[in-house]
1. Can you say whether residue 50 is surrounded by 22 or more Cβ atoms within 10 Å (Cβ to Cβ), charged (D, E, K, R) and either part of a strand (DSSP E or B) or free of Cβ contacts under 8 Å to residues at least 24 places away in the same chain (or both), as far as the supplied structure shows?
2. Take residue 28 and decide whether it is touching a residue at least 24 places away in the same chain (Cβ under 8 Å), among the β-branched types (Val, Ile, Thr) and part of a loop (DSSP other than H, G, I, E, B).
3. Can we say residue 38 is within 16 Å of residue 120 (Cα to Cα), surrounded by 13 or more Cβ atoms within 10 Å (Cβ to Cβ) and among the basic types (Lys, Arg)?
4. What strands (runs of 3 or more DSSP E) completely inside region 59-112 contain at least 2 residues that are among the β-branched types (Val, Ile, Thr) and touching a residue at least 40 places away in the same chain (Cβ under 8 Å)?
5. Quick one: would you say residue 20 is surrounded by fewer than 14 Cβ atoms within 10 Å (Cβ to Cβ) and outside any loop (DSSP other than H, G, I, E, B)?
6. Within region 79-94, does at least one residue satisfy the condition of being at pLDDT below 95, closer than 17 Å to residue 1 by Cα and touching a strand residue (DSSP E or B) at 6+ places or on another chain (Cβ under 9 Å)?
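The values are calculated or read from the model by the stated rules, or taken from the named source; none is laboratory data. Since the structure is predicted, the reported quantities are computational estimates derived from the model, not experimental observations. In this analysis, Cβ positions are derived from the backbone assuming ideal geometry, glycine residues included, and neighbour counts consider all displayed protein chains.
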Amino acid sequence: QVQLVESGGGLVQAGGSLRLSCATSRGTFSNYAIGWFRQAPGKEREFVARITWTGTYTNYADSVKGRFTISRGNDQNTVYLQMNSLKPEDTAVYYCAARRGGSSDASIAYNYWGQGTQVTVSS
């Protein structure tokens with residue numbers, strides 16, 4: 001089992017950048033694929049990005065492609081989401097999630113979730 005902790009959220013102006021981190025406070029990320037999801041007020045949770053446990057494959061939602069980058073840290077126990085050119089519509093609570101085996105765009109495929117970190121982008 002892994003226990004996930006997100007950090008790095010905050011308030012930023014449109015066009016700015018933030019880097020979110022997802023770390024494990026228990027266990028390791030070895031053999032776990034990681035996904036980032038977000039949920040805005042009144043909306044369903046949506047897929048943002050995912051990465052395989054080897055880090056060799058990544059995938060992004062169309063809405064963030066070219067602006068966000070998911071990556072694994074050298075210690076293999078941290079996953080980052082670099083968010084550039086932020087827009088007000090990126091405002092949401094961002095969650096990281098983990099699952100054994102292959103990565104997925106579907107939130108239901110993930111077994112472990114962090115508590116979320118708030119990202120607010122002002123116009």
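1. Spelling it out, residue 50 is indeed surrounded by 22 or more Cβ atoms within 10 Å (Cβ to Cβ), charged (D, E, K, R) and either part of a strand (DSSP E or B) or free of Cβ contacts under 8 Å to residues at least 24 places away in the same chain (or both).
2. So residue 28 passes the test.
3. yes
4. Once the strands (runs of 3 or more DSSP E) in region 59-112 are filtered for at least 2 residues that are among the β-branched types (Val, Ile, Thr) and touching a residue at least 40 places away in the same chain (Cβ under 8 Å), what remains is 78-83.
5. no
6. In the first step, residues of region 79-94 are kept if they are at pLDDT below 95; the result is none.
Checking region 79-94: not a single residue is at pLDDT below 95, closer than 17 Å to residue 1 by Cα and touching a strand residue (DSSP E or B) at 6+ places or on another chain (Cβ under 9 Å).
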